[in-house]
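A.B. asks: One structure follows; several queries about it will come next.
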Amino acid sequence: MPSSRRPTPSWLADAVLYQIYPQSFADSDGDGIGDFAGITDRLDHLSWLGVNTVWLNPCFDSPFRDAGYDVSDYLSVAPRYGTADDLAKLVEEAGRRGIRVMLDLVAGHTSDQHPWFKAAAEDPQDHRYIWAEGTAGSLPPRFVASPGSRPGGFLPNFFDTQPALNFGYAREDPDEPWRQPVDAAGPRANRAALREVMDHWLRLGLAGFRVDMAHSLVKDDPGMTRTCELWGELRDWLDRTHPEAALLAEWGDPAVSVPAGFHSDFFLQFGGPSDGLPMRSLWNNMHGTVADHWTQRTCYFDAEGGGSAGPFVTAWESVNAVIGEQGFAALPTANHDFSRLACGPRTAEQLPPAFAFQLTWPTLPAIYYGDEIGMRFVPGLPDHEGSVLGPRYNRAGSRTPMQWDDSPNAGFSTAPADRLYLPIDPEPDRPTVAAQRAHEHSLLHLVRRLIALRKATPELGPRGSVEVLHSGYPFAYVRGERYLVVVNPRRAAATLPLPRRALAAGRPVETSGVTLEGGEAVAPGFSFGIFAL
Ligand code: GLC
(Lines give C-alpha, C1' and ligand atoms only; values in the text may rest on other atoms or scores of the structure.)
Protein backbone atom coordinates (compact mmCIF):
# COMPACT_ATOMS: atom_id res chain seq x y z
CA MET A 1 0.00 0.00 0.00
CA PRO A 2 1.50 3.40 -0.88
CA SER A 3 2.42 5.20 2.30
CA SER A 4 0.18 8.20 1.57
CA ARG A 5 -2.86 5.93 1.87
CA ARG A 6 -1.94 4.44 5.20
CA PRO A 7 -4.60 5.05 7.81
CA THR A 8 -3.64 7.11 10.86
CA PRO A 9 -5.33 6.48 14.23
CA SER A 10 -7.88 9.24 14.59
CA TRP A 11 -6.84 10.09 18.16
CA LEU A 12 -3.33 11.08 17.21
CA ALA A 13 -4.11 14.50 15.74
CA ASP A 14 -5.50 15.55 19.13
CA ALA A 15 -2.65 14.07 21.14
CA VAL A 16 -1.01 16.23 23.76
CA LEU A 17 1.90 14.04 24.75
CA TYR A 18 3.46 13.86 28.19
CA GLN A 19 6.72 12.02 28.77
CA ILE A 20 7.18 10.25 32.10
CA TYR A 21 10.58 9.10 33.24
CA PRO A 22 9.26 6.29 35.42
CA GLN A 23 12.12 6.20 37.92
CA SER A 24 11.64 9.90 38.72
CA PHE A 25 7.92 10.56 38.71
CA ALA A 26 6.39 9.16 41.89
CA ASP A 27 7.57 6.47 44.30
CA SER A 28 4.71 4.55 45.93
CA ASP A 29 6.71 2.01 47.96
CA GLY A 30 9.39 4.18 49.51
CA ASP A 31 12.41 2.57 47.86
CA GLY A 32 13.53 5.87 46.37
CA ILE A 33 12.69 4.93 42.77
CA GLY A 34 9.49 5.88 41.00
CA ASP A 35 7.10 3.10 39.99
CA PHE A 36 3.87 2.25 38.16
CA ALA A 37 1.68 2.55 41.25
CA GLY A 38 3.19 5.98 41.90
CA ILE A 39 2.24 7.08 38.40
CA THR A 40 -1.26 5.65 38.87
CA ASP A 41 -1.62 7.64 42.11
CA ARG A 42 -0.74 10.81 40.23
CA LEU A 43 -2.96 10.32 37.18
CA ASP A 44 -5.33 12.98 38.45
CA HIS A 45 -2.58 15.54 37.96
CA LEU A 46 -2.33 14.51 34.31
CA SER A 47 -6.04 14.51 33.69
CA TRP A 48 -6.41 17.89 35.43
CA LEU A 49 -3.60 19.20 33.22
CA GLY A 50 -5.38 17.86 30.14
CA VAL A 51 -2.69 15.73 28.54
CA ASN A 52 -4.13 12.66 26.85
CA THR A 53 -1.17 10.54 25.79
CA VAL A 54 1.65 9.48 28.06
CA TRP A 55 4.84 7.83 26.92
CA LEU A 56 7.00 6.02 29.43
CA ASN A 57 10.73 5.54 29.10
CA PRO A 58 11.73 1.85 29.14
CA CYS A 59 10.30 -0.02 32.11
CA PHE A 60 11.51 -3.52 31.24
CA ASP A 61 13.92 -5.88 32.95
CA SER A 62 17.36 -4.40 32.71
CA PRO A 63 20.72 -4.18 34.46
CA PHE A 64 20.28 -0.39 34.07
CA ARG A 65 23.67 0.43 32.59
CA ASP A 66 21.78 2.96 30.45
CA ALA A 67 18.81 3.66 32.70
CA GLY A 68 16.74 0.88 31.13
CA TYR A 69 17.71 1.41 27.49
CA ASP A 70 19.62 -1.82 27.96
CA VAL A 71 16.74 -4.28 27.96
CA SER A 72 17.31 -7.83 29.22
CA ASP A 73 13.71 -8.99 28.70
CA TYR A 74 11.25 -7.10 26.51
CA LEU A 75 8.24 -8.92 27.87
CA SER A 76 8.84 -8.46 31.62
CA VAL A 77 8.63 -5.23 33.56
CA ALA A 78 11.53 -4.30 35.81
CA PRO A 79 10.68 -5.23 39.42
CA ARG A 80 11.72 -1.77 40.59
CA TYR A 81 8.66 -0.38 38.77
CA GLY A 82 6.26 -3.00 40.12
CA THR A 83 4.54 -5.95 38.50
CA ALA A 84 2.82 -6.58 35.18
CA ASP A 85 -0.44 -6.18 37.09
CA ASP A 86 0.65 -2.76 38.32
CA LEU A 87 1.31 -1.72 34.73
CA ALA A 88 -2.06 -3.13 33.66
CA LYS A 89 -3.72 -1.14 36.42
CA LEU A 90 -1.92 2.02 35.32
CA VAL A 91 -3.10 1.50 31.75
CA GLU A 92 -6.66 0.84 32.91
CA GLU A 93 -6.82 3.80 35.29
CA ALA A 94 -5.29 6.06 32.67
CA GLY A 95 -7.84 4.82 30.13
CA ARG A 96 -10.66 5.69 32.50
CA ARG A 97 -9.39 9.25 32.38
CA GLY A 98 -9.06 9.27 28.60
CA ILE A 99 -5.28 8.96 28.73
CA ARG A 100 -3.42 6.54 26.47
CA VAL A 101 -0.15 4.98 27.57
CA MET A 102 2.70 4.24 25.21
CA LEU A 103 5.87 2.32 25.98
CA ASP A 104 9.41 2.69 24.71
CA LEU A 105 10.54 0.09 22.20
CA VAL A 106 14.31 -0.26 22.24
CA ALA A 107 14.49 -1.75 18.78
CA GLY A 108 18.15 -1.46 17.81
CA HIS A 109 19.93 -3.20 20.66
CA THR A 110 19.54 -5.24 23.80
CA SER A 111 21.47 -5.39 27.03
CA ASP A 112 24.52 -7.63 27.03
CA GLN A 113 22.61 -9.48 29.77
CA HIS A 114 19.73 -10.40 27.44
CA PRO A 115 19.46 -14.19 27.00
CA TRP A 116 19.66 -13.68 23.23
CA PHE A 117 23.04 -12.05 23.58
CA LYS A 118 24.30 -14.49 26.18
CA ALA A 119 23.43 -17.33 23.78
CA ALA A 120 25.08 -15.51 20.86
CA ALA A 121 28.28 -15.06 22.85
CA GLU A 122 28.58 -18.84 23.12
CA ASP A 123 27.45 -19.90 19.65
CA PRO A 124 29.36 -18.99 16.45
CA GLN A 125 26.28 -19.94 14.40
CA ASP A 126 24.02 -17.36 16.08
CA HIS A 127 23.21 -14.33 13.93
CA ARG A 128 20.94 -12.21 16.10
CA TYR A 129 23.83 -9.76 16.67
CA ILE A 130 26.60 -8.43 14.45
CA TRP A 131 29.66 -10.52 15.04
CA ALA A 132 33.15 -10.25 13.53
CA GLU A 133 36.12 -12.55 13.85
CA GLY A 134 39.40 -11.45 15.36
CA THR A 135 41.07 -11.05 18.70
CA ALA A 136 40.79 -8.11 21.06
CA GLY A 137 43.54 -6.16 19.24
CA SER A 138 42.52 -7.10 15.70
CA LEU A 139 38.77 -6.53 15.68
CA PRO A 140 37.30 -4.11 13.14
CA PRO A 141 36.81 -0.53 14.39
CA ARG A 142 34.09 -0.13 17.04
CA PHE A 143 33.68 -3.87 17.64
CA VAL A 144 33.97 -5.06 21.25
CA ALA A 145 35.62 -8.31 22.33
CA SER A 146 33.31 -11.26 22.96
CA PRO A 147 32.44 -11.82 26.61
CA GLY A 148 31.79 -15.54 26.00
CA SER A 149 33.43 -18.62 24.53
CA ARG A 150 32.65 -17.50 20.99
CA PRO A 151 35.74 -15.90 19.45
CA GLY A 152 35.70 -12.45 17.89
CA GLY A 153 33.61 -9.52 18.94
CA PHE A 154 30.29 -7.76 18.51
CA LEU A 155 29.14 -4.35 17.33
CA PRO A 156 27.55 -2.19 20.05
CA ASN A 157 24.79 0.27 19.17
CA PHE A 158 25.32 2.84 21.91
CA PHE A 159 27.28 1.94 25.05
CA ASP A 160 29.42 -1.21 24.89
CA THR A 161 26.84 -2.92 27.12
CA GLN A 162 24.24 -2.46 24.34
CA PRO A 163 25.02 -4.90 21.51
CA ALA A 164 23.35 -3.97 18.21
CA LEU A 165 20.70 -6.39 17.05
CA ASN A 166 21.44 -7.60 13.54
CA PHE A 167 19.04 -6.07 11.05
CA GLY A 168 21.59 -6.47 8.27
CA TYR A 169 23.64 -4.06 6.20
CA ALA A 170 22.49 -2.16 3.15
CA ARG A 171 25.84 -2.82 1.48
CA GLU A 172 27.69 -6.09 1.53
CA ASP A 173 31.44 -6.57 1.24
CA PRO A 174 33.14 -9.96 0.85
CA ASP A 175 35.98 -8.74 3.06
CA GLU A 176 33.55 -7.94 5.86
CA PRO A 177 31.44 -11.07 6.26
CA TRP A 178 29.51 -9.66 9.22
CA ARG A 179 27.68 -7.43 6.72
CA GLN A 180 24.71 -9.70 6.19
CA PRO A 181 21.88 -8.80 3.83
CA VAL A 182 18.68 -7.51 5.42
CA ASP A 183 16.84 -10.70 4.52
CA ALA A 184 19.37 -13.09 6.13
CA ALA A 185 18.12 -15.37 8.90
CA GLY A 186 19.32 -13.19 11.81
CA PRO A 187 17.67 -9.98 10.57
CA ARG A 188 14.48 -11.89 9.76
CA ALA A 189 14.38 -13.35 13.28
CA ASN A 190 14.91 -9.91 14.78
CA ARG A 191 12.14 -8.35 12.75
CA ALA A 192 9.82 -11.14 13.84
CA ALA A 193 10.88 -10.53 17.44
CA LEU A 194 9.98 -6.84 17.15
CA ARG A 195 6.51 -7.81 15.98
CA GLU A 196 6.13 -10.24 18.87
CA VAL A 197 7.17 -7.63 21.42
CA MET A 198 4.82 -5.03 19.97
CA ASP A 199 1.96 -7.50 19.73
CA HIS A 200 2.44 -8.55 23.37
CA TRP A 201 2.07 -5.03 24.75
CA LEU A 202 -0.57 -3.83 22.32
CA ARG A 203 -2.79 -6.76 23.26
CA LEU A 204 -2.52 -5.57 26.85
CA GLY A 205 -3.99 -2.21 25.92
CA LEU A 206 -0.91 -0.11 25.37
CA ALA A 207 -1.47 2.55 22.71
CA GLY A 208 1.81 2.24 20.85
CA PHE A 209 5.50 2.94 21.17
CA ARG A 210 8.11 5.60 21.13
CA VAL A 211 10.85 3.78 19.22
CA ASP A 212 14.35 4.28 20.51
CA MET A 213 17.09 5.06 17.96
CA ALA A 214 14.68 4.08 15.21
CA HIS A 215 17.15 5.25 12.57
CA SER A 216 19.86 2.86 13.73
CA LEU A 217 18.61 -0.52 12.58
CA VAL A 218 20.12 -1.33 9.18
CA LYS A 219 23.82 -0.50 9.13
CA ASP A 220 25.70 1.44 6.46
CA ASP A 221 22.44 2.47 4.87
CA PRO A 222 22.93 5.45 2.55
CA GLY A 223 19.73 7.45 2.31
CA MET A 224 18.28 5.19 5.02
CA THR A 225 16.52 3.22 2.27
CA ARG A 226 16.72 -0.19 3.92
CA THR A 227 15.89 1.10 7.38
CA CYS A 228 12.85 2.83 5.91
CA GLU A 229 11.77 -0.38 4.17
CA LEU A 230 12.02 -2.23 7.46
CA TRP A 231 9.75 0.27 9.21
CA GLY A 232 7.37 0.30 6.25
CA GLU A 233 7.03 -3.47 6.57
CA LEU A 234 6.39 -3.18 10.31
CA ARG A 235 3.85 -0.41 9.75
CA ASP A 236 1.98 -2.52 7.21
CA TRP A 237 1.84 -5.31 9.77
CA LEU A 238 0.68 -2.86 12.45
CA ASP A 239 -2.05 -1.46 10.19
CA ARG A 240 -3.36 -4.97 9.67
CA THR A 241 -3.12 -6.15 13.28
CA HIS A 242 -3.37 -3.06 15.50
CA PRO A 243 -4.68 -0.15 13.40
CA GLU A 244 -5.32 2.04 16.45
CA ALA A 245 -1.70 1.84 17.63
CA ALA A 246 0.84 4.57 16.94
CA LEU A 247 4.59 4.55 16.43
CA LEU A 248 6.57 7.65 17.37
CA ALA A 249 10.13 7.65 16.18
CA GLU A 250 13.19 8.79 18.00
CA TRP A 251 14.81 9.65 14.70
CA GLY A 252 14.82 13.44 14.52
CA ASP A 253 14.01 13.50 10.80
CA PRO A 254 10.24 13.40 10.25
CA ALA A 255 10.61 14.00 6.50
CA VAL A 256 12.24 10.57 6.27
CA SER A 257 10.73 8.60 9.15
CA VAL A 258 7.05 9.50 8.59
CA PRO A 259 6.95 8.55 4.90
CA ALA A 260 8.77 5.36 5.94
CA GLY A 261 5.90 4.37 8.22
CA PHE A 262 6.08 6.20 11.53
CA HIS A 263 2.96 8.06 12.58
CA SER A 264 5.10 10.76 14.07
CA ASP A 265 8.70 11.70 14.76
CA PHE A 266 10.19 14.29 17.06
CA PHE A 267 12.22 17.32 16.24
CA LEU A 268 15.18 16.38 18.42
CA GLN A 269 18.55 17.63 19.53
CA PHE A 270 20.03 15.47 16.76
CA GLY A 271 18.92 14.06 13.43
CA GLY A 272 17.79 15.40 10.08
CA PRO A 273 19.76 17.33 7.47
CA SER A 274 21.15 19.81 10.00
CA ASP A 275 21.73 17.39 12.87
CA GLY A 276 19.14 18.66 15.32
CA LEU A 277 19.66 22.35 14.70
CA PRO A 278 15.95 23.19 14.21
CA MET A 279 15.06 22.03 17.73
CA ARG A 280 18.24 23.33 19.32
CA SER A 281 17.79 26.68 17.59
CA LEU A 282 14.66 27.10 19.67
CA TRP A 283 15.66 25.82 23.10
CA ASN A 284 19.35 25.08 23.45
CA ASN A 285 21.12 27.81 25.41
CA MET A 286 24.30 25.72 25.82
CA HIS A 287 23.93 25.54 29.59
CA GLY A 288 22.53 22.08 30.29
CA THR A 289 23.33 19.11 28.10
CA VAL A 290 25.99 20.21 25.63
CA ALA A 291 27.63 17.93 23.07
CA ASP A 292 31.11 19.08 22.11
CA HIS A 293 30.29 19.23 18.41
CA TRP A 294 27.34 21.61 18.88
CA THR A 295 28.35 24.99 17.61
CA GLN A 296 25.38 27.22 17.16
CA ARG A 297 24.13 30.72 17.43
CA THR A 298 22.03 31.94 20.30
CA CYS A 299 18.75 30.08 20.50
CA TYR A 300 15.44 31.85 19.93
CA PHE A 301 14.13 31.44 23.49
CA ASP A 302 16.91 33.58 24.89
CA ALA A 303 16.52 36.64 27.09
CA GLU A 304 19.12 38.65 25.18
CA GLY A 305 17.18 38.09 21.98
CA GLY A 306 20.05 37.09 19.72
CA GLY A 307 18.20 34.21 18.05
CA SER A 308 15.64 33.66 15.34
CA ALA A 309 12.71 31.30 14.93
CA GLY A 310 13.62 31.17 11.23
CA PRO A 311 15.68 27.96 11.21
CA PHE A 312 12.91 26.08 12.99
CA VAL A 313 10.20 27.53 10.73
CA THR A 314 12.16 26.64 7.61
CA ALA A 315 12.72 23.09 8.83
CA TRP A 316 9.07 22.72 9.80
CA GLU A 317 7.92 23.97 6.39
CA SER A 318 10.11 21.55 4.52
CA VAL A 319 9.02 18.66 6.76
CA ASN A 320 5.38 19.56 6.33
CA ALA A 321 5.74 19.79 2.56
CA VAL A 322 7.00 16.20 2.53
CA ILE A 323 4.77 14.50 5.08
CA GLY A 324 1.49 16.30 4.40
CA GLU A 325 -1.34 14.25 5.86
CA GLN A 326 0.73 11.10 6.30
CA GLY A 327 1.60 11.81 9.91
CA PHE A 328 2.91 14.44 12.27
CA ALA A 329 6.08 16.03 13.47
CA ALA A 330 6.26 16.36 17.25
CA LEU A 331 8.03 19.01 19.29
CA PRO A 332 9.16 18.23 22.85
CA THR A 333 9.82 20.83 25.53
CA ALA A 334 12.77 18.67 26.56
CA ASN A 335 13.47 15.00 27.14
CA HIS A 336 15.53 12.64 29.27
CA ASP A 337 18.54 13.22 27.01
CA PHE A 338 18.32 16.99 26.65
CA SER A 339 18.14 20.04 28.94
CA ARG A 340 14.86 21.18 30.38
CA LEU A 341 13.43 24.55 29.31
CA ALA A 342 14.41 26.04 32.69
CA CYS A 343 18.12 25.77 32.25
CA GLY A 344 21.06 28.02 33.05
CA PRO A 345 20.06 31.67 32.81
CA ARG A 346 16.56 30.93 31.50
CA THR A 347 14.24 31.92 34.33
CA ALA A 348 10.62 31.18 35.20
CA GLU A 349 9.34 34.39 33.60
CA GLN A 350 10.73 33.20 30.26
CA LEU A 351 8.75 29.98 30.17
CA PRO A 352 5.19 31.20 29.37
CA PRO A 353 6.13 32.42 25.86
CA ALA A 354 7.79 29.06 25.20
CA PHE A 355 4.62 27.13 26.07
CA ALA A 356 2.42 29.62 24.22
CA PHE A 357 4.44 28.81 21.12
CA GLN A 358 4.75 25.06 21.65
CA LEU A 359 1.04 24.57 22.31
CA THR A 360 -0.13 26.66 19.34
CA TRP A 361 2.32 25.39 16.71
CA PRO A 362 1.14 22.67 14.29
CA THR A 363 3.48 20.02 15.70
CA LEU A 364 2.27 17.47 18.24
CA PRO A 365 3.33 18.93 21.58
CA ALA A 366 5.24 16.69 23.99
CA ILE A 367 5.62 17.99 27.53
CA TYR A 368 8.48 16.50 29.50
CA TYR A 369 7.38 15.72 33.08
CA GLY A 370 7.96 18.66 35.37
CA ASP A 371 8.34 21.21 32.58
CA GLU A 372 4.72 22.21 33.21
CA ILE A 373 5.86 23.70 36.53
CA GLY A 374 9.21 24.91 35.22
CA MET A 375 11.41 22.34 36.90
CA ARG A 376 15.02 23.20 36.44
CA PHE A 377 17.89 21.33 34.79
CA VAL A 378 20.01 20.54 37.85
CA PRO A 379 23.71 20.93 37.03
CA GLY A 380 26.64 19.18 38.67
CA LEU A 381 25.14 15.76 39.44
CA PRO A 382 27.27 12.59 39.46
CA ASP A 383 27.06 10.09 36.62
CA HIS A 384 24.09 7.84 37.27
CA GLU A 385 23.08 4.78 35.25
CA GLY A 386 25.02 6.00 32.23
CA SER A 387 23.75 9.57 32.32
CA VAL A 388 27.07 11.12 31.29
CA LEU A 389 27.69 11.27 27.53
CA GLY A 390 30.50 13.82 27.47
CA PRO A 391 32.40 16.36 29.53
CA ARG A 392 29.53 18.83 29.33
CA TYR A 393 26.78 16.31 28.69
CA ASN A 394 25.21 14.87 31.85
CA ARG A 395 21.62 13.85 31.29
CA ALA A 396 21.01 13.40 35.03
CA GLY A 397 20.22 17.12 35.27
CA SER A 398 17.01 16.51 33.31
CA ARG A 399 16.09 13.35 35.23
CA THR A 400 15.66 14.53 38.83
CA PRO A 401 12.52 13.60 40.78
CA MET A 402 9.22 15.30 40.10
CA GLN A 403 8.49 18.08 42.58
CA TRP A 404 5.01 17.53 43.92
CA ASP A 405 4.79 19.56 47.13
CA ASP A 406 6.67 20.88 50.15
CA SER A 407 6.81 17.61 52.08
CA PRO A 408 10.15 15.74 52.40
CA ASN A 409 11.70 14.85 49.02
CA ALA A 410 9.19 17.23 47.43
CA GLY A 411 6.55 14.53 47.84
CA PHE A 412 8.32 12.22 45.40
CA SER A 413 9.24 9.50 47.89
CA THR A 414 9.28 8.65 51.58
CA ALA A 415 12.76 7.11 51.29
CA PRO A 416 15.72 8.75 53.03
CA ALA A 417 17.03 11.51 50.75
CA ASP A 418 20.28 9.65 50.10
CA ARG A 419 18.37 6.70 48.63
CA LEU A 420 16.53 8.61 45.93
CA TYR A 421 17.14 7.71 42.29
CA LEU A 422 18.62 11.17 41.87
CA PRO A 423 18.61 14.06 44.33
CA ILE A 424 15.75 16.50 44.41
CA ASP A 425 16.61 19.95 43.07
CA PRO A 426 18.16 21.54 46.18
CA GLU A 427 17.06 25.10 45.33
CA PRO A 428 14.93 26.47 48.19
CA ASP A 429 12.48 28.10 45.78
CA ARG A 430 12.08 25.06 43.52
CA PRO A 431 8.63 24.98 41.93
CA THR A 432 6.07 22.37 43.02
CA VAL A 433 2.78 21.15 41.63
CA ALA A 434 0.96 21.92 44.89
CA ALA A 435 2.14 25.52 45.10
CA GLN A 436 1.32 26.18 41.46
CA ARG A 437 -2.09 24.51 41.64
CA ALA A 438 -2.93 27.05 44.36
CA HIS A 439 -2.12 30.02 42.12
CA GLU A 440 -4.06 30.73 39.00
CA HIS A 441 -1.24 32.86 37.64
CA SER A 442 1.25 30.01 37.79
CA LEU A 443 2.90 28.38 34.82
CA LEU A 444 0.99 25.19 35.61
CA HIS A 445 -2.39 26.89 35.25
CA LEU A 446 -1.25 28.58 32.06
CA VAL A 447 -0.12 25.29 30.52
CA ARG A 448 -3.46 23.79 31.49
CA ARG A 449 -5.38 26.63 29.84
CA LEU A 450 -3.23 26.44 26.72
CA ILE A 451 -3.83 22.68 26.44
CA ALA A 452 -7.57 23.19 26.88
CA LEU A 453 -7.56 25.93 24.25
CA ARG A 454 -5.65 23.74 21.82
CA LYS A 455 -7.98 20.79 22.35
CA ALA A 456 -11.06 22.96 21.88
CA THR A 457 -9.72 24.71 18.79
CA PRO A 458 -9.01 22.64 15.66
CA GLU A 459 -7.31 25.65 14.05
CA LEU A 460 -4.55 25.42 16.68
CA GLY A 461 -3.96 21.70 16.14
CA PRO A 462 -1.59 19.99 13.73
CA ARG A 463 -3.99 20.10 10.78
CA GLY A 464 -4.71 23.84 10.93
CA SER A 465 -2.73 26.05 8.54
CA VAL A 466 0.05 28.34 9.70
CA GLU A 467 1.07 31.65 8.14
CA VAL A 468 4.26 33.06 9.60
CA LEU A 469 4.24 36.85 9.79
CA HIS A 470 7.62 37.32 11.44
CA SER A 471 10.22 34.93 12.79
CA GLY A 472 12.38 37.43 14.64
CA TYR A 473 11.21 39.22 17.80
CA PRO A 474 8.30 38.98 18.23
CA PHE A 475 7.56 35.66 16.55
CA ALA A 476 4.10 36.05 15.04
CA TYR A 477 1.90 33.68 13.09
CA VAL A 478 -1.69 33.09 12.13
CA ARG A 479 -3.27 29.68 12.71
CA GLY A 480 -6.15 28.41 10.61
CA GLU A 481 -6.77 32.00 9.41
CA ARG A 482 -8.54 32.59 12.71
CA TYR A 483 -5.94 32.98 15.46
CA LEU A 484 -3.03 35.37 15.73
CA VAL A 485 -0.20 34.25 18.01
CA VAL A 486 2.51 36.68 19.12
CA VAL A 487 5.44 35.47 21.20
CA ASN A 488 8.26 37.58 22.60
CA PRO A 489 10.71 35.50 24.62
CA ARG A 490 13.37 38.21 24.97
CA ARG A 491 13.78 40.74 27.79
CA ALA A 492 13.47 43.78 25.52
CA ALA A 493 10.13 44.82 24.11
CA ALA A 494 9.35 44.17 20.45
CA THR A 495 6.82 45.67 18.08
CA LEU A 496 5.44 44.30 14.84
CA PRO A 497 3.37 46.23 12.31
CA LEU A 498 0.50 43.93 11.35
CA PRO A 499 0.06 43.45 7.61
CA ARG A 500 -3.75 43.31 7.62
CA ARG A 501 -6.48 45.28 9.33
CA ALA A 502 -8.25 42.11 10.46
CA LEU A 503 -5.23 41.06 12.47
CA ALA A 504 -5.12 44.33 14.38
CA ALA A 505 -8.72 43.78 15.42
CA GLY A 506 -7.98 40.45 17.11
CA ARG A 507 -9.77 39.68 20.37
CA PRO A 508 -7.54 38.50 23.24
CA VAL A 509 -8.07 34.81 24.06
CA GLU A 510 -5.06 34.08 26.25
CA THR A 511 -2.52 36.83 26.65
CA SER A 512 0.28 37.90 28.89
CA GLY A 513 1.47 41.39 28.04
CA VAL A 514 0.92 41.57 24.28
CA THR A 515 -1.58 44.16 23.02
CA LEU A 516 -2.75 45.13 19.55
CA GLU A 517 -2.62 48.90 19.16
CA GLY A 518 -2.55 51.23 16.20
CA GLY A 519 -2.12 48.41 13.70
CA GLU A 520 0.80 46.92 15.61
CA ALA A 521 1.41 44.03 17.97
CA VAL A 522 3.14 45.52 21.00
CA ALA A 523 5.02 42.87 22.92
CA PRO A 524 6.79 43.79 26.18
CA GLY A 525 9.65 41.59 27.36
CA PHE A 526 8.72 37.94 28.09
CA SER A 527 5.19 38.26 26.75
CA PHE A 528 2.79 36.41 24.50
CA GLY A 529 -0.70 36.82 23.16
CA ILE A 530 -3.20 34.60 21.39
CA PHE A 531 -5.98 36.52 19.64
CA ALA A 532 -9.12 35.37 17.85
CA LEU A 533 -9.70 37.05 14.49
C1 GLC B 1 18.14 6.95 22.91
C2 GLC B 1 17.63 7.22 24.31
C3 GLC B 1 18.80 7.40 25.22
C4 GLC B 1 19.60 6.13 25.22
C5 GLC B 1 20.01 5.74 23.80
C6 GLC B 1 20.49 4.33 23.74
O7 GLC B 1 18.80 8.03 22.37
O8 GLC B 1 16.77 8.32 24.30
O9 GLC B 1 18.40 7.74 26.51
O10 GLC B 1 20.75 6.30 26.01
O11 GLC B 1 18.94 5.81 22.89
O12 GLC B 1 19.42 3.44 23.88
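The values are calculated or read from the model by the stated rules, or taken from the named source; none is laboratory data. Note that the structure is a prediction, hence the values are computed from the model and not measured. Note that we place each Cβ from the backbone using ideal geometry, even for glycine, and neighbour counts take in every protein chain shown. Heads up: the accessible areas ignore ligands, DNA and RNA and are worked out on the full protein's heavy atoms, side chains in. Shrake-Rupley method; radii C 1.70, N 1.55, O 1.52, S 1.80 Å.
A.B. asks: Under a straight-distance cross-link criterion of Cα-Cα below 29 Å, which lysines are reachable from Lys89, leaving out those fewer than 8 residues away in the same chain?
C.D. replies: Here the lysines satisfying the reach criterion relative to Lys89 are Lys455.
A.B. asks: Please list log₁₀ I(q)/I(0) at q = 0.19, 0.20 Å⁻¹ for the range 100-214, using the Debye equation with identical point scatterers on the alpha-carbon positions.
C.D. replies: -1.00, -1.08
A.B. asks: What accessible area, in Å² to the nearest ten, does a 1.4 Å probe give for Val378?
C.D. replies: My reading of the accessible area for Val378 is about 10 Å².
A.B. asks: Something else now. Quote the accessible area belonging to Glu233 in square angstrom, nearest 10, computed with a 1.4 Å probe and with ligands, DNA and RNA left uncounted.
C.D. replies: Estimated to the nearest 10 Å², Glu233 gives 80 Å².
A.B. asks: Working from Cα positions, state the angle (0 to 90°, nearest 10) between the long axis of helix 310-323 and the longest principal axis of the chain.
C.D. replies: Tilt relative to the chain: about 60 degrees.
A.B. asks: OK, next. Show me the GluC sites (Glu not before Pro) within the range 246-324 that DSSP assigns to loop and that have at most 13 other Cβ atoms within 10 Å of their Cβ.
C.D. replies: Glu304
A.B. asks: Next question. Ordering Arg171, Arg142, Arg490, Arg6 from largest to smallest accessible area (1.4 angstrom probe), what's the sequence?
C.D. replies: Arg142, Arg171, Arg490, Arg6
A.B. asks: Next question. Quote the relative contact order of the chain in percent (integer), defining contacts as alpha-carbon pairs under 8 Å separated by 6+ residues.
C.D. replies: The normalised contact order for the chain reaches 13 percent.
A.B. asks: Now for a separate question. Tell me, in nm to one decimal, what length is gained between Thr83 and Asp14 on full extension, where the rule is 0.36 nm per residue of separation less the Cα-Cα distance?
C.D. replies: Full-extension gain reported as 21.8 nm.
A.B. asks: What FRET efficiency, computed as 1/(1 + (r/R0)^6) with R0 = 30 Å and r the Cβ-Cβ distance, is obtained for Glu304 and Val388, rounded to the nearest 0.05?
C.D. replies: The computed FRET efficiency comes out at 0.55.
A.B. asks: Leaving out ligands and nucleic acids, and using a 1.4 Å probe, what accessible area per residue does the chain come to in Å²?
C.D. replies: Computed with neighbouring chains in place, this is 37 Å² per residue.
A.B. asks: Just order 41-51, 346-356 by mean Cβ neighbour count inside 10 Å, highest at the front, would you?
C.D. replies: Ranking, from highest mean packing down: 346-356, 41-51.
A.B. asks: Find how much the distance from Thr295 to Thr511 grows on full extension, using 0.36 nm per residue of separation minus their present alpha carbon separation; answer in nm with one decimal.
C.D. replies: 74.3 nm
A.B. asks: Label the chain by shape, choosing from rounded, prolate and oblate, from the square roots a ≥ b ≥ c of the eigenvalues of the Cα gyration tensor; if a/c is under 1.5 it is rounded, and otherwise prolate applies when a/b is larger than b/c, oblate when it is not.
C.D. replies: Here the chain falls in the prolate category.
A.B. asks: In addition: Cross-link candidates for Lys219: which lysines have Cα within less than 26 Å, leaving aside residues fewer than 8 places away along the same chain?
C.D. replies: Candidates past the 8-residue exclusion: Lys118.
A.B. asks: Let me ask something else about it. About the Cα centre of the chain, how large is the charge dipole given +1 on each Lys and Arg Cβ and -1 on each Asp and Glu Cβ? Please answer in debye to the nearest 20.
C.D. replies: The dipole magnitude comes to about 1500 debye.
A.B. asks: Sort the range 1-95 into rounded, prolate or oblate with this rule: let a ≥ b ≥ c be the square roots of the eigenvalues of the Cα gyration tensor; rounded if a/c is under 1.5, and if a/c is not under 1.5, prolate when a/b is larger than b/c, oblate otherwise.
C.D. replies: Cα axes put the range 1-95 in the oblate bin.
A.B. asks: Could you tell me what percent of the accessible area of the range 109-164 is made up of carbon and sulfur, with a 1.4 Å probe and every protein chain present?
C.D. replies: On the range 109-164, the fraction of accessible area on carbon and sulfur atoms equals 54 percent.
A.B. asks: How large is the translational diffusion coefficient of the range 388-442 in µm² per second when you combine the Kirkwood radius over alpha carbon pairs with Stokes-Einstein at 37 °C and 0.692 mPa s?
C.D. replies: 262
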